[in-house]
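**Student:** Questions regarding the structure given below will be posed in turn.
The values are calculated or read from the model by the stated rules, or taken from the named source; none is laboratory data. Computed from a predicted structure; not experimentally measured. Note that each Cβ is placed from the backbone with ideal geometry, even for glycine, and that neighbours are counted across all protein chains shown.
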Amino acid sequence: MTQDDLRVASHGTPAFKSPLAVRRFAPDDAAVLVNIDCVGGQTPPPLTFEKAGPREQIYFDPAKSRAAIITCGGLCPGLNNVIRHLYYTLRDGYGVPTIYGVRHGYLGLAPNAPLEPMELTSSWVESIHHQGGTMLGTSRGRQEPEVMVDKLIEMGVNLLFPIGGDGTQKGAHAIAVEAQRRQLDLAVVGIPKTIDNDIRFCFQTFGFISAVAEAERVIDRAHVEAKSVPRGVGLVKLMGREAGFIAAAATVASGEVNFCLVPEEPLVLDGPSGFLARLERRLNARDHAVVVVAEGAGQDLIANRDPLAVDASGNRRLGDIGLLLKERIPDHFEAIGNPIGMKYFDPSYYIRSAPANSADSLLTERFARQAVHAAMAGKTDLFVGFWNGRIVHVPLPVSVGKLRRMTPDSELWAAVQAITGQNHW
């Protein structure tokens, strides 16, 4: 990756003075380092992201602008917060007169859309941040970028804010490329959303902390269940298709987990060093155990799973590792004549449909406000990411299709190993 890869696309020279009443604007040459660690005194040429922030000169005339907000993919705490903050920053900050909410994701920009886009109002967005999910609705699946751009032209939209994960941002990039091919002044600025926290160049996505907090409560209940019966096991399956961030973070937050199984680490069930043998040693020593497994762990153990099958969003179809462990763990202990009492928890949809907590509410405001600043300045084909403590402009081509994963030598995984002691067992 070079500095050219990190250059943000722009529609041209800003010609309008910003209407924002702020004390300090962000210059276009403000930057944030991609890598802040130095190893062995090496000083390679630094790579930098363009720093987000309000620009003194903007590209679009607010009075002649129209914006559209769209939410795609799975639910996540904080979606309604982002919608609300986008609306108020556009309307009250810049004076954009018309702001649409696209219904049911990218499907809402297709000819067969179940509902037409709606014009948002202050009374409609006023209290939506207290509710989980998305008031605009969502969907999965690809729509043709040519068709979506046609719809945006019909609506007169020149500012588009897609809120979603990697698949959503792929769609946003396709829209931006199609708009550029037609030489349209359409700013496409994405806001990254996933409780899996696996978007490249976004250290923390909104909704992640809320999901961890909800998962911690479930883990604590599983711990109570496990300690209440002889040889009790509490098994909790959490989300995390390709990355185990939520399982690992909830494990550390709870402090009651004895085994954390994630996609980044191979899962071996059988043999003297396998998971079942280690669980047996744990139960013999302490009489109870709590196991947390991310949904993407151990996929090679699931029979009859087509490794090439994908869902409507292009994600690989997963087998249910939770149900496999729910069967294999009791069967193992029945076979050795040492039965257990196991309780299984799968709180996935409960967790992702919760409203945002205070930490995520703060992050949604930052993302939304900076996304509007970027779009009004004429920047496009990017999302606003949280990197090294700053909000930055991340060009979509350097991120989409390249998911972020937890590394075995990371501080988070070291904390998991220290708290669980799972290697010791």
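**Student:** Right, Phe367: among the aromatic types (Phe, Trp, Tyr), assigned by TED's automatic domain parsing to the domain that holds Asp196 and modelled with pLDDT of 95 or more or not?
**Tutor:** Numbers: among the aromatic types (Phe, Trp, Tyr): yes; assigned by TED's automatic domain parsing to the domain that holds Asp196: yes; modelled with pLDDT of 95 or more: yes.
Yes: the conditions hold for Phe367.
**Student:** Could you pull out the residue among Val292, Val233 that is in contact with a Cys (Cβ under 7 Å, 6 or more places away or on another chain), closer than 25 Å to Ala335 by Cα and either at pLDDT 95 or above or among the hydrophobic types (A, V, I, L, M, F, W, C) (or both)?
**Tutor:** Val292
**Student:** If I filter the stretch 75-111 down to residues being surrounded by 24 or more Cβ atoms within 10 Å (Cβ to Cβ) and in a loop (DSSP other than H, G, I, E, B), which single residue comes out as nearest to the chain's Cα centre (by Cα)?
**Tutor:** Going through the qualifying residues, I end up with Cys76.
**Student:** While we're looking at this one, here's another question. Going by the conditions given, is Ile69 surrounded by 24 or more Cβ atoms within 10 Å (Cβ to Cβ) and either of a type in the set (Gly, Ala, Ser) or touching a strand residue (DSSP E or B) at 6+ places or on another chain (Cβ under 9 Å) (or both)?
**Tutor:** When the stated conditions are applied, Ile69 passes them.
**Student:** Sticking with this structure for a sec: Is it the case that the stretch 336-344 has a residue that's in contact (Cβ under 8 Å) with a residue 40 or more places away in the chain and touching an Asp or Glu at 6+ places or on another chain (Cβ under 7 Å)?
**Tutor:** Yes, the conditions are met somewhere in the stretch 336-344.
**Student:** When you go through Glu126, Glu119 one by one, which is the residue that is more than 23 Å from the chain's Cα centre (by Cα), charged (D, E, K, R) and within 26 Å of Ile195 (Cβ to Cβ)?
**Tutor:** Glu126
**Student:** In the stretch 364-377, how many residues are in contact with a strand residue (DSSP E or B) (Cβ under 9 Å, 6 or more places away or on another chain), in contact (Cβ under 8 Å) with a residue 40 or more places away in the chain and either among the β-branched types (Val, Ile, Thr) or surrounded by fewer than 23 Cβ atoms within 10 Å (Cβ to Cβ) (or both)? Spell out how you get there, then give the answer.
**Tutor:** Initially, the stretch 364-377 is screened for residues in contact with a strand residue (DSSP E or B) (Cβ under 9 Å, 6 or more places away or on another chain), giving 364, 366-377.
Next, from what is left, pick out any that are in contact (Cβ under 8 Å) with a residue 40 or more places away in the chain: 364, 367-377.
Right, trim to either among the β-branched types (Val, Ile, Thr) or surrounded by fewer than 23 Cβ atoms within 10 Å (Cβ to Cβ) (or both) and you get 364, 369, 372.
Looking only at that region, the number is 3.
**Student:** Sticking with this one: Can Thr380 be described as in contact with a helix residue (DSSP H, G or I) (Cβ under 6 Å, 6 or more places away or on another chain) and hydroxyl-bearing (Ser, Thr, Tyr)?
**Tutor:** yes
**Student:** If you go through the stretch 85-106 one residue at a time, how many are of a type in the set (Lys, Arg) and farther than 21 Å from Ser139 by Cα?
**Tutor:** Counting residues in the stretch 85-106 that are of a type in the set (Lys, Arg) and farther than 21 Å from Ser139 by Cα gives 1.
**Student:** Just checking: which of the helices (runs of 4 or more DSSP H) contained wholly in the stretch 112-201 hold 2 or more residues that are at pLDDT 95 or above and buried (at least 19 other Cβ atoms within 10 Å of the Cβ)? Full working, then the answer.
**Tutor:** Numbers: elements: 122-125, 145-155, 166-181.
Here the list reads 145-155, 166-181.
**Student:** Please tell me if Val96 is in contact with a Pro (Cβ under 9 Å, 6 or more places away or on another chain), of a type outside the set (D, E, K, R) and within 15 Å of Pro162 (Cα to Cα).
**Tutor:** no
**Student:** Of the residues Ala374, Ala359, Ala368, Ala418, which is over 30 Å from Thr89 (Cα atoms) and in a helix (DSSP H, G or I)?
**Tutor:** The match here is Ala418.
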